[in-house]
Amino acid sequence: QVQLVESGGGLVQPGGSLRLSCAASGRTLAIGWFRQAPGKEREGVSCISSSNGSTKYADSVKGRFTISRDNTKNTVYLQMNSLKPEDTAVYFCAGDPWHRDYRLLNPGYFNSWGQGTQVTVSS
């Protein structure tokens, strides 16, 4: 299984931006970003295919977040703009999807997970 390490989280004011990084130890079919707020279930944010770069976004982040990849570095980025307090959560990246419908952003469709990075949006 691929090993994943997230970085880039922090405290930002509403309307601000952050860029998260997910460094993978090797190749994986796709990388997904998920988040989990206190007391809530883990939810899908975005994913990107390693082969053709196709992307998928949750409705809640469309137009504000952008996922991208650098295959030479085995790294995936999540650029988050116009951040809102409701974006506050621990953000995880995931790899090794086992289900062909991984683009549905179901956390159960991914086998490998990073340790997470905290994103707090507050004034």
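The values are calculated or read from the model by the stated rules, or taken from the named source; none is laboratory data. Computed from a predicted model, the values in this text were never measured in an experiment. All Cβ positions, glycine included, derive from the backbone under ideal geometry; neighbour counts span all protein chains shown. Quick note on the areas: whole protein, heavy atoms, side chains included, nothing else; ligands and nucleic acids left out. Shrake-Rupley method; radii C 1.70, N 1.55, O 1.52, S 1.80 Å.
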task = Among the residues of the range 76-108, count how many are at pLDDT below 95 and of a type in the set (Ser, Thr, Tyr).
result = 1
query = Considering 60, 82, 51, which residue is in contact with an Asp or Glu (Cβ under 9 Å, 6 or more places away or on another chain) and assigned to a loop (DSSP other than H, G, I, E, B)?
reply = 60
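Please go through the range 61-108 and pick out each residue that is in contact with a His (Cβ under 9 Å, 6 or more places away or on another chain) and in contact (Cβ under 8 Å) with a residue 40 or more places away in the chain.
Step one: filter the range 61-108 for residues in contact with a His (Cβ under 9 Å, 6 or more places away or on another chain), giving 106, 108.
Within the range 61-108, just 106 meets the criteria.
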query = Within the range 10-41, how many residues are surrounded by fewer than 17 Cβ atoms within 10 Å (Cβ to Cβ) and assigned to a loop (DSSP other than H, G, I, E, B)?
reply = 14
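Restricting the range 90-109 to residues that are among the hydrophobic types (A, V, I, L, M, F, W, C) and on the phi < 0 side of the Ramachandran plot, which is most open to solvent (accessible area, probe 1.4 Å)? Spell out the reasoning first.
From the range 90-109, those among the hydrophobic types (A, V, I, L, M, F, W, C) are 90, 92-94, 98, 104-105; that's our starting set.
Within this subset, residues satisfying the condition of being on the phi < 0 side of the Ramachandran plot are 90, 92-94, 98, 104.
Working: 90: 41, 92: 24, 93: 0, 94: 0, 98: 146, 104: 115 Å².
The selected residue is 98.
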request  = Sort through 29, 83 and tell me the only one that's of a type outside the set (S, T, N, Q) and touching a Gly at 6+ places or on another chain (Cβ under 6 Å).
outcome  = 83
ask   = Inside the range 76-89, can you point out the residues that are under 16 Å from residue 48 (Cβ atoms) and open to solvent by less than 20 Å² (accessible area, probe 1.4 Å)?
value = 76, 78, 80
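Could you check the range 36-63 and list, in sequence order, the residues that are among the basic types (Lys, Arg) and touching a strand residue (DSSP E or B) at 6+ places or on another chain (Cβ under 7 Å)?
Of all residues in the range 36-63, those among the basic types (Lys, Arg) come to 40, 42, 56, 62.
If the condition is that a residue be among the basic types (Lys, Arg) and touching a strand residue (DSSP E or B) at 6+ places or on another chain (Cβ under 7 Å), then 42, 56 are the ones that fit.
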query = In the set 59, 96, which member is closer than 15 Å to residue 35 by Cβ and acidic (Asp, Glu)?
reply = 59
